[in-house]
Amino acid sequence: MHTVLSLADVPPQTLPARSMMAFTLASHIILVPLGVALPLITLIMHGYGLRRNDETALLLARRWSAVMAVQFAIGVVTGTVLSFEFGLLWPGMLGRWGDVFGIGFGVEAWAFFLEAVLIAVYLYGWRRLPSRTHFLLGLPLPFVALLGAFGILAANSWMNTPRGFTLDAVGNPVDVSVWKAVFTPMFGPQYWHFVVAMFVTAGYVVAGVYATGWLRGRRDRYHRLGFTIPFTFAAVFTPVQFVLGDSIARQVFHKQPVKFAAMEIVWNTDTHQAEYLYGRLRPDGSVAGGIRIPQLDSILAGFRPDTKVTGLTSVPAADRPTPAEATIAHFAFDTMVFIGSLLILLALWYALVWLRRRRLPASPWFYRVAACAGVASVVAVECGWITTEVGRQPWIVYQNMRVAEAVTSTRAGALWLMFALVIVVYVFVFGSFLVVLLKMRSRWRKPDTAGGPPPPTPETDTPYGPRSAGRFL
């Protein structure tokens with residue numbers, strides 16, 4: 001049971017609350033790929049170095065572990081702000097539904113705590129633990145990172161397809177089934193689509209650093225290895241992600257047909273629906289601009305041109321995204337698919353050269369594109385979340401509670417002021433993050449490029465290099 005609200009009834013707090021949440025989430029998600037996938041990439045490099053007694057691989061692994069620790073520290077700040085915003089901005093949702101889906105946030109909190117401990121142990125273990133022990137202590141890190149993603153995605157997928165409760169006479173949830181609330185119909189597709197997206201993005205981001213170095217003439221083994229392992233990792237998962245993306249789009253078609261209509265700017269329910277590449281939905285249901293491909297939307301949705309695709313007008317105007325929101329979701333969805341398609345071509349280029357010649361591509365254009373792939377992947381991740389959240393409007397809990405019903409009663413002016421303060425804090429936080437990374441890069445590059453024996457550097461004051469080999473001290 002929910003209150004029927006017209007557009008005129010939307011509280012003035014809704015816009016600043018949504019804007020603040022969108023900004024903080026978009027900022028935090030920049031860090032998420034490294035938080036989820038960098039531990040695994042680092043351990044792959046670490047294991048490679050130990051297996052082959054490779055000093056270069058171990059040097060890369062220990063440096064990546066330092067980046068991982070700094071990134072985690074910044075994520076603490078941005079993640080904590082998001083946690084507070086859930087309670088401060090959306091008390092209506094947590095007050096009514098917290099008992100149903102709150103378990104996801106509990107799981108994420110425990111994973112966050114465990115990850116902090118494991119990162120500290122792993123970073124401290126360089127030079128202080130036997131190599132095998134140190135490596136084994138790092139192995140739980142990727143699983144804990146996936147556990148944190150499990151908690152967040154369980155909560156978000158529940159908001160998209162709420163299950164595991166019944167409503168009493170006044171509309172409050174009772175008879176809660178935690179198992180059903182966690183494992184909703186959208187959880188599996190959404191979780192694996194997200195996790196693989198993090199793998200792909202982190203791999204391309206890390207590889208992009210060394211692709212840039214290659215373009216600047218640094219073509220030693222350090223840069224080749226630093227590029228090859230994360231890029232191969234991302235390239236392997238790129239086609240997997242494309243298949244998972246198609247699967248989740250099909251699940252949205254079945255489970256959230258109105259969201260699918262927004263993603264594809266479909267106005268009226270019908271068969272033989274055309275696909276629009278970009279284009280803007282007008283209030284009268286017509287589409288301005290874009291490239292129209294007849295019948296393709298029905299074919300993609302159900303593999304047949306006579307597949308019926310639900311349109312936005314299948315529900316009242318108050319229960320569907322506005323034309324502007326549908327256009328935003330559509331642009332974000334098309335951009336995500338476009339970037340994913342380009343990444344597949346890049347991965348195919350890499351695979352063909354490797355299979356035919358057993359070496360890295362030599363073309364500068366390959367490395368130019370590879371250097372841009374990390375940024376493009378982050379943009380694709382941002383677009384995926386925009387599609388998920390904007391396409392669900394006006395619901396914060398799909399078909400059970402509107403955003404306007406959940407928003408805080410705090411004055412809109414106070415929320416705008418709070419938003420301005422959050423922006424200032426985030427500029428400082430991300431600026432500090434960038435400064436730290438640049439200082440780390442400068443510190444590491446100096447001994448790499450100097451001739452003769454490496455001089456003492458600040459690295460010697462931090463725990464690097466497994467002790468057992470004796471040669472990495």
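The values are calculated or read from the model by the stated rules, or taken from the named source; none is laboratory data. This is a predicted model, so every value here is computed, not measured. Every residue, glycine among them, receives a Cβ derived from its backbone with ideal geometry; neighbour counts consider all protein chains shown. Accessible surface is based on the protein model in full, side chains and every heavy atom, while ligands, DNA and RNA are left aside. Shrake-Rupley method; radii C 1.70, N 1.55, O 1.52, S 1.80 Å.
What the table below lists for this structure:
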{"item": "The chain - percent relative contact order, Cα under 8 Å, separation 6 or more", "result": "21"}
{"item": "Cut-off 15 Å, label 7 Å out along Cα→Cβ of Val76, residues of segment 122-157 by amide N", "result": "122-124"}
{"item": "Options Ala57, Ser298, Thr269, ranked by Cα towards positive dipole end of the chain, top entry (Cβ charges)", "result": "Ala57"}
{"item": "Full-extension gain in nm, Ser314 to Ala169, via 0.36 nm per residue minus C-alpha separation", "result": "49.5 nm"}
{"item": "Added length on full extension, which subtracts the Cα-Cα distance from 0.36 nm per residue, Ala324 to Arg282", "result": "14.3 nm"}
{"item": "Computed over segment 97-233, Kirkwood Rh from alpha-carbon pairs, angstrom", "result": "17.9"}
{"item": "The chain - charge dipole about Cα centre, Lys and Arg +1 at Cβ, Asp and Glu -1, debye rounded to 20", "result": "2300"}
{"item": "Residue list for segment 23-56, given a label point 7 angstrom along the Cα-to-Cβ vector of Arg221 and an amide N cut-off under 17 Å", "result": "45-56"}
{"item": "Interatomic Cα distance distribution for the chain, bins of 20 angstrom, percent", "result": "22, 52, 24, 2"}
{"item": "Projected label distance in nm at His254 and Ala69, using a 7 Å step from Cα toward the beta-carbon", "result": "4.7"}
{"item": "Lys/Arg +1, Asp/Glu -1 at C-beta; segment 142-220 dipole; positive extreme among Gly164, Pro142, Ser177", "result": "Pro142"}
{"item": "Lysine pair count for the chain [Cα-Cα under 25 Å; pairs on different chains or 8 or more apart]", "result": "4"}
{"item": "Cut-off 14 Å between beta-carbons: net charge of the residues surrounding Ala324, Lys and Arg +1, Asp and Glu -1", "result": "+2"}
{"item": "Accessible-area composition of the chain, carbon plus sulfur, in percent [1.4 Å probe]", "result": "67"}
{"item": "Å² per residue, accessible surface of the chain at 1.4 Å", "result": "46"}
{"item": "Listed residues Val176, Val236 arranged by accessible area, highest first, probe 1.4 Å", "result": "Val236, Val176"}
{"item": "Leading residue at positive end of dipole, the chain (Cβ point charges), from Val379, Ala66, Ser409", "result": "Ala66"}
{"item": "Value at 222 nm in deg cm²/dmol, rounded to 500, when DSSP H runs of n ≥ 4 in the chain each add -39,500 (n - 2.57)", "result": "-24000 deg cm²/dmol"}
{"item": "Inter-part distance where segment 239-302 and segment 63-82 are each reduced to a Cα centre, Å", "result": "37"}
{"item": "Dipole in debye (nearest 20) - segment 290-418, about Cα centre, beta carbon charges: Lys, Arg +1; Asp, Glu -1", "result": "700"}
